[in-house]
Amino acid sequence: MVGAAAAYELSKLDISVTVLEKENDVACGTTKANSAIVHAGYDPHPNTLMANLNRQGADMLEQLCHDLDVPFKRCPSMVLAFDEDDLKAIDILRARGIENGVTDVTIISGDEVKALEPTVNPTVLGALYTAMSGIVSPWELCLALLDAAVRNSTVLRLNTLVTAVEKQGETWAVATNNGEYRAKVVINAAGVYSGQLHELVTHQPMKIIPSKGEYYLLDKSESVKNILFQPPSRLGKGVLVAPTVHGNVIVGPNSENTAIDDTATTAKGLGFVSELAKRSVPTLELGTAIRNFAGLRANSEVDEFLISREGSYVALAGIKSPGLTAAPAIGIMVANMLVEAGLVEVKRRDNAVTTRNVLRLKELQPSERNEYIKKNPSYGRIICRCEQISEGEILDTFDTPIPPKTIDGIKRRLMAGSGRCQGGFCGPRILQILSKKLGLPAEAICQDADQSNVLLRREESGV
């Protein structure tokens, strides 16, 4: 997300931008596995980058998502208090929020909380309330930002892992598994790998501590109206219960330091999430979960984003929560930083792309859908029953600047396979479409990352 936001802002300038991505698609790391919350800005400590960029990003996101046609919704949040210590904690958060410029942040009573959220634990004493929070689709936003950047002549190189970086005169030599790239400026937005990349560039250590958070994603039969937090602790912002922009309920996360590639869910971790979530909503039916997943945060040893510039190298590291919210502001900060340092030209690109439109047939009136079907019958063939995604919409994704290569690549673009059956019905059909469009045998199609083949081999039945 952070790299996409930086590429998007830089693509508006009349310069050459290349994005190197080690995976076979974008939004495959922390961006696809987080709480999807737009934080109002009362949590970060005042006068920090986290606080300033959080507020700026929160102010930008609604319009940005409107322009790029990305699902976004303003959704009030409440930090719940169940004892005297919690009440003291939310009072501190309120004062912090006011200092950070969050104007709409108040303490409400337990009765007011129960009126706003009837399913909440009846023992609640009060809450910190703000209507400035929101929910968003992170992977769709990341794709939209890079879609616009590529339309603005940005070059995206997938399956490209950086292996060495060396300054040679006025330029950088960036070695990868797919050859060498030359650049005037190097920007490190490698998420949990940003410490490793920083050491490649500067030969100085930067400690990034991957922290795993595990989640439940509940069926649309469950619902809450507000984002329900618990007071933050040393483990993070606490377990939340919140709606998603796609109509589900998300529950989590815990926080556990782990290996850099450990995204496995565990009975212990999910049990912890379950126990704390039911403190907020005792009637929560976690048995309605349609998926469990885990994501990694790029924590560091300081409670701050590690954003810095050393000559023509920029580090965007340690971007943990509220990194999603802050990302658009970080993108602008990077562009301004490079312009002010004289490292890039200030000239704006003519007719830079800053908008897009996405066809979502299920959001149209029946008469409007019928018009599309008359023009193209593939819009009338529903592939994903849960999310009502047509074959035509899937085929359209292959004509975008960043076409999908995997089953989950389709899911990130359209949400096909994200419903109650989790691709049980549509998965094989999407695999067939991918095989045909990519010109590959079915056994070469992957679920997501390389080597995640769904089919292993063809067997001759002999019948």
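Of all positions in segment 359-382, none carries a residue that is under 19 Å from Val17 (Cβ atoms), touching a helix residue (DSSP H, G or I) at 6+ places or on another chain (Cβ under 9 Å) and aliphatic (A, V, I, L, M).
Confirm whether Thr171 is among the β-branched types (Val, Ile, Thr) and surrounded by fewer than 16 Cβ atoms within 10 Å (Cβ to Cβ). Spell out the reasoning first.
Details: among the β-branched types (Val, Ile, Thr): yes; surrounded by fewer than 16 Cβ atoms within 10 Å (Cβ to Cβ): yes.
Answer is yes for this residue.
Farther than 22 Å from Val251 by Cβ, modelled with pLDDT of 95 or more, open to solvent by less than 80 Å² (accessible area, probe 1.4 Å) and among the acidic types (Asp, Glu), is that true of Glu304? Answer is yes for this residue.
Is segment 126-149 home to any residue that is in contact (Cβ under 8 Å) with a residue 24 or more places away in the chain, in a loop (DSSP other than H, G, I, E, B) and open to solvent by 60 Å² or more (accessible area, probe 1.4 Å)? Quick ask: steps written out before the conclusion?
Initial filter on segment 126-149 (in contact (Cβ under 8 Å) with a residue 24 or more places away in the chain): 126-149.
Within this subset, residues satisfying the condition of being in a loop (DSSP other than H, G, I, E, B) are 131-133, 137.
Okay, now just the ones that are also open to solvent by 60 Å² or more (accessible area, probe 1.4 Å), so none.
There is no residue in segment 126-149 that is in contact (Cβ under 8 Å) with a residue 24 or more places away in the chain, in a loop (DSSP other than H, G, I, E, B) and open to solvent by 60 Å² or more (accessible area, probe 1.4 Å).
A search for C-beta distances below 7 Å between a residue of segment 46-59 that is in contact (Cβ under 8 Å) with a residue 24 or more places away in the chain and part of a helix (DSSP H, G or I) and any residue that is open to solvent by 20 Å² or more (accessible area, probe 1.4 Å) and β-branched (Val, Ile, Thr), counting only pairs 6+ apart in sequence or on different chains, returns Leu49/Ile307.
Conditions tested, residue by residue: (1) crowded, with 16+ Cβ neighbours inside 10 Å; (2) within 30 Å of Gln63 (Cβ to Cβ).
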| residue | (1), (2) |
| --- | --- |
| Val358 | yes, yes |
| Arg369 | yes, yes |
| Thr397 | yes, yes |
| Pro404 | yes, yes |
| Gly424 | no, no |
| Leu431 | yes, no |
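Of all residues in segment 427-463, those satisfying the criterion of being of a type in the set (Asp, Glu), part of a loop (DSSP other than H, G, I, E, B) and free of Cβ contacts under 8 Å to residues at least 40 places away in the same chain are Glu459, Glu460.
A search for C-beta distances below 6 Å between a residue of segment 400-418 that is within 22 Å of Asn292 (Cβ to Cβ) and any residue that is in a loop (DSSP other than H, G, I, E, B) and of a type in the set (A, V, I, L, M), counting only pairs 6+ apart in sequence or on different chains, returns Ile410/Ala416; Arg412/Ala27.
I'd like to check something: does segment 200-221 contain any residue that is in contact with an Asp or Glu (Cβ under 7 Å, 6 or more places away or on another chain), under 28 Å from Lys73 (Cβ atoms) and surrounded by 15 or more Cβ atoms within 10 Å (Cβ to Cβ)? Yes, that holds for at least one residue.
Does Ile260 fit the bill of being open to solvent by 40 Å² or more (accessible area, probe 1.4 Å), at pLDDT 95 or above, in contact with a strand residue (DSSP E or B) (Cβ under 9 Å, 6 or more places away or on another chain) and closer than 27 Å to Pro205 by Cβ? Walk me through how you get there before you give the answer.
Details: open to solvent by 40 Å² or more (accessible area, probe 1.4 Å): yes; at pLDDT 95 or above: yes; in contact with a strand residue (DSSP E or B) (Cβ under 9 Å, 6 or more places away or on another chain): yes; closer than 27 Å to Pro205 by Cβ: yes.
Yes, satisfied.
Of all residues in segment 287-323, those satisfying the criterion of being assigned to a loop (DSSP other than H, G, I, E, B) and closer than 16 Å to Pro210 by Cα are Ser300, Glu301, Val302, Asp303, Glu304, Phe305, Gly318, Ile319, Lys320, Ser321, Pro322. On inspection, Arg413 fails the criterion of being closer than 30 Å to Leu145 by Cβ, at pLDDT 95 or above and open to solvent by 50 Å² or more (accessible area, probe 1.4 Å).
Sort out which residues of segment 65-75 are touching a Leu at 6+ places or on another chain (Cβ under 8 Å) and either under 13 Å from Leu145 (Cβ atoms) or in a helix (DSSP H, G or I) (or both), and write them in order of number.
Residues of segment 65-75 that are touching a Leu at 6+ places or on another chain (Cβ under 8 Å), as a first pass: 65, 68, 70, 72.
Hits for segment 65-75 are Cys65, Leu68, Val70.
Please enumerate the residues belonging to segment 245-258 that are touching a residue at least 40 places away in the same chain (Cβ under 8 Å) and in contact with a Lys or Arg (Cβ under 9 Å, 6 or more places away or on another chain). Correct list: Val245, His246, Asn248, Pro253, Asn254, Ser255, Glu256, Asn257, Thr258. Somewhere in segment 4-24, is a residue within 19 Å of Arg297 (Cα to Cα), assigned to a loop (DSSP other than H, G, I, E, B), of a type in the set (Gly, Ala, Ser) and touching a helix residue (DSSP H, G or I) at 6+ places or on another chain (Cβ under 7 Å)? Checking segment 4-24: not a single residue is within 19 Å of Arg297 (Cα to Cα), assigned to a loop (DSSP other than H, G, I, E, B), of a type in the set (Gly, Ala, Ser) and touching a helix residue (DSSP H, G or I) at 6+ places or on another chain (Cβ under 7 Å). Restricting the search to strands (runs of 3 or more DSSP E) fully inside segment 150-221 and requiring at least 2 residues that are under 30 Å from Gly419 (Cα atoms) gives 209-218.
For Leu324, are the conditions met, namely being of a type outside the set (S, T, N, Q), in contact with a strand residue (DSSP E or B) (Cβ under 7 Å, 6 or more places away or on another chain) and under 20 Å from Gly29 (Cβ atoms)? No, not satisfied.
The values are calculated or read from the model by the stated rules, or taken from the named source; none is laboratory data. In this text, all values refer to a predicted model and were calculated from it rather than measured experimentally. Cβ: placed from backbone, ideal geometry, glycine included. Neighbour counts: every protein chain shown. Ligands, DNA and RNA are stripped out before the accessible areas are found, and what is left, the full protein with its side chains, is counted by its heavy atoms. Shrake-Rupley method; radii C 1.70, N 1.55, O 1.52, S 1.80 Å.
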